[in-house]
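Report on one structure; see the data block that follows.
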Amino acid sequence: GWGAISGVVAYNSVWEEWAGKVRLDATVNDAFSLFVMGGYGSDDNAATNFYKLWDGNWAVWGGATYKFNEKTSFNVQASYDEGKTFGLAANVAYDVVPGFTVTAEVDYFNKANSFAHAESDGVGGILRFQRSF
């Protein structure tokens with residue numbers, strides 16, 4: 001009931017690359033939960049390492065979910081990596097009926113480009129309809 005600790009490690013023998021993540025989930029109460037996750041991986045063949053999709057060797061993620069009631073929850077997550085990429089996502093999920101959830105999400109990212117001394121950023125959105133049987 002308190003939460004969980006989980007981890008995963010992967011190795012690609014063709015490209016001799018590896019990556020791993022460790023995650024801590026904490027249940028504060030029936031309505032509020034938190035998570036934090038750290039990842040580390042080799043970076044020599046980064047373009048071919050399917051297990052490590054972040055920039056640089058390390059990355060961190062964190063987030064929280066608040067359940068307003070049995071049908072509606074709010075979730076926010078943030079991420080940052082060694083390549084100076086920051087991401088932020090926020091969504092609201094609503095269970096229309098048991099087994100059918102509609103989720104509306106807004107996403108933002110900012111990528112610092114040290115070579116060009118510039119930044120790039122973007123905003124996106126997702127509307128997801130999920131039916132579970």
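Pick from G62, G38, G99 the residue whose mean-square fluctuation is largest in a GNM of the chain, springs joining Cα atoms under 10 Å.
So, out of G62, G38, G99, the one fluctuating most is G99.
Classify the chain: rounded, prolate or oblate, from the alpha-carbon gyration tensor (a ≥ b ≥ c, eigenvalue square roots; a/c under 1.5 rounded; otherwise prolate if a/b is larger than b/c)?
Prolate is the answer for the chain, as a/c is 1.5 or above and a/b outweighs b/c.
Using a 1.4 angstrom probe on heavy atoms only, work out the carbon and sulfur share of the accessible area of the range 7-133 in %.
The computed percentage sits at 61.
Looking only at the chain, where both bridge partners belong to it, what percent of the DSSP beta bridges are antiparallel (to the nearest 5)? Let's see the in-between values first.
Details: 72 of 72 bridges.
Rounded to the nearest five, the antiparallel share is 100 percent.
For the range 53-61, take each phi angle, set θ = phi - 60°, evaluate the Karplus expression 6.51 cos²θ - 1.76 cosθ + 1.60, and give the result in whole Hz per residue in order, putting x for glycine and proline.
3J(HN,Hα) across the range 53-61, in whole Hz: 9, 9, 8, x, 7, 10, 7, 10, 9.
Using modelled amide H (1.01 Å from N, peptide plane; none on Pro or chain starts), what sits under 5 Å from the amide H of V28, excluding residues fewer than 5 places away?
Correct list: S33, L34.
So which trypsin sites (Lys or Arg not before Pro) in the range 45-109 are both in a DSSP loop and have at most 13 other Cβ atoms within 10 Å of their Cβ?
K71
Express in nm, to one decimal, how much length is gained between Y66 and N110 on full extension, taking 0.36 nm for each residue of separation and deducting their alpha carbon distance.
Taking Y66 through N110 to full extension adds about 13.3 nm, to one decimal.
Under a plain spin-label model, where a point goes 7 Å from the Cα along Cα-to-Cβ, how far apart in nm are L53 and A10?
That separation, rounded to one decimal, is 0.9 nm.
The values are calculated or read from the model by the stated rules, or taken from the named source; none is laboratory data. The structure presented is a predicted model; accordingly, all values stated were derived computationally and were not measured. Every residue, glycine as well, gets a Cβ built from its backbone with ideal geometry; the counts of neighbours run over all protein chains shown. In case anyone asks, the SASA skips ligands and DNA or RNA and just uses the protein heavy atoms, side chains included. Shrake-Rupley method; radii C 1.70, N 1.55, O 1.52, S 1.80 Å.
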